[in-house]
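The values are calculated or read from the model by the stated rules, or taken from the named source; none is laboratory data. Everything quoted here is computed from the prediction, not taken from an experiment. Virtual Cβ from ideal backbone geometry, glycine too; neighbours counted across all protein chains shown.
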Amino acid sequence: MSVSNIAPELCRVSTITKRRVLAFVASALLGSSALHAQPLISVDDSFASIFARISSDPRVQSTLNDIEANEAETLAEQVRLTEIPAPPFMEQNRAEYYLQQMHNRGLDDAYIDTEGNVIGLRAGSGDGPLFVIAAHLDTVFPLETDVTVQMRDGRYYAPGIGDDGRGLTVLLTLIDALNSSAIETVGDIMFVGNVGEEGPGDLRGIKAIFRDHPGVDGFVSIDGSGLTRITTGATGSRRFAVEFSGPGGHSFSAFGLVSAIHAMGRAITKIGDLEVPSSPKTTFTVGMVDGGTSVNSIAADAVFQLDMRSNDAGELATLEARVKDVTAQAVAEENARWNNGEITVNFRLIGDRPVGSTGASNPLVQVAALAYEAVGSPIQELRISSTDSNIPMSMGIPAITIGGGGESGGAHSPEEWYSPVDSHLGPQLAFLMMLGLVGVEGVSAPLMQRL
């Protein structure tokens, strides 16, 4: 089924009304015993009481119903966004469309910053915290990739439909929800469609947000689908292009010269023999190699790209030092082997994602747990991963990454798919969490602390 036939399918999305929010409010008012049974996060009773006050507000209840009723349009917007290509460093067309959607929803001062991020601010009523909620504009796919959405067996297939077409759409749904509810928040909310989350982007969009907006008090990114886990830890990574240079020459007449490729091979072998801890998980891989000019030439240049990751900053630094040490040994061995010419090596940094974490006792995680419970999907896993939240976590700013609801699979592949099974629960959860964090004027103070 082509995209032209998707609109009727959107109307068939499950409209099962789940009254878990009301059930949650009742249990919270009785002492939030259900939440205390959660195996992963023990929520403070005072947080549960305040959250219940927000959740039971008639405007909030009405808006939650509206979010479910409007899920067909949310999915239609997800399709429209997905069909705008947005490769790394080429997100402009999608950004311009996204900016127009913010303007259409009343964020008249929304703009595209110098890095390419789309930013829209909804001001609060008082001296509350500044909360940033973001989703990334970029995908991993090259410009020529066919991103036409196809419907097959109840699933939407297209590269980027879940990662992060879903997250971007949920943000727009949240703006709609705030508008329709007429709720005035205490804290400010900054909505961000950011560039550069994937691979070579190196989190450049979020790095720019925290460079240019030093007053952020909390951050949530919505990335992909699902409602069973949150990312509270940041896997750090260091990526290098390791560049070898030498004199080069003819394979026969200049035989005996040092070779950049031979030196590179020695280095890769030594790196491959390194041992790293399984806990904290630490990894490395040489993902790409290149070099030389022809089969009958002694290579004057060679390069490999190296990815190193760890959940611990100390282990990551140790691994980097060991890699540089064995690479220097490999170059010295190549130079000594021939004693004719000299190979040099340069480590050029091409990726730097810092390590960090947000503790389970932090109000941001506590409120998230309340929101997950409220929609009937208690958190089952606290993950450590590499997401946009790496940057604020590394700065000591509370941050988590969550899914946008529904189900998806095949991420980063041409057969990526999204299934709208109870997908309305994603924006409902995000709406409740957002209100709990920034507070509702006349109902509750913000649960998120100012830094």
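For the reader, a short list of remarks on this structure follows.
- Some residue of the stretch 406-414 being farther than 23 Å from PHE191 by Cα, among the acidic types (Asp, Glu) and either assigned to a helix (DSSP H, G or I) or free of Cβ contacts under 8 Å to residues at least 60 places away in the same chain (or both): no
Let's see how each residue does on (1) on the phi > 0 side of the Ramachandran plot; (2) in contact (Cβ under 8 Å) with a residue 24 or more places away in the chain; (3) touching a strand residue (DSSP E or B) at 6+ places or on another chain (Cβ under 6 Å); (4) among the polar types (S, T, N, Q):
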| site | (1), (2), (3), (4) |
| --- | --- |
| VAL220 | no, yes, yes, no |
| SER237 | no, yes, yes, yes |
| PHE240 | no, yes, yes, no |
| GLY248 | yes, yes, yes, no |
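- The residue of the stretch 270-303 that is farthest from GLY341 (Cα to Cα), among those that are in a strand (DSSP E or B) and touching a helix residue (DSSP H, G or I) at 6+ places or on another chain (Cβ under 6 Å), is THR282.
- All told, THR269 falls short of being modelled with pLDDT under 95 and surrounded by fewer than 22 Cβ atoms within 10 Å (Cβ to Cβ).
- Checking PHE219, PHE252, PHE244, PHE191 one by one, the residue that is outside any helix (DSSP H, G or I), out of contact with any helix residue (DSSP H, G or I) (no Cβ under 8 Å at 6 or more places or on another chain) and of a type outside the set (Lys, Arg) is PHE252 and no other.
Okay, residues lined up against (1) surrounded by 22 or more Cβ atoms within 10 Å (Cβ to Cβ); (2) more than 30 Å from GLN428 (Cβ to Cβ); (3) modelled with pLDDT under 95; (4) among the β-branched types (Val, Ile, Thr):
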{"residue": "VAL220", "(1), (2), (3), (4)": "yes, no, no, yes"}
{"residue": "ALA234", "(1), (2), (3), (4)": "yes, no, no, no"}
{"residue": "SER237", "(1), (2), (3), (4)": "no, yes, no, no"}
{"residue": "ALA313", "(1), (2), (3), (4)": "no, yes, no, no"}
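- Subset of the stretch 338-353 [of a type outside the set (A, V, I, L, M) and either assigned to a strand (DSSP E or B) or assigned by TED's automatic domain parsing to the domain that holds LEU203 (or both)]: THR344, ASN346, PHE347, ARG348, GLY351, ASP352, ARG353
- Strands (runs of 3 or more DSSP E) (entirely within the stretch 64-164) containing at least 2 residues that are within 20 Å of GLY426 (Cα to Cα): 130-136, 155-157
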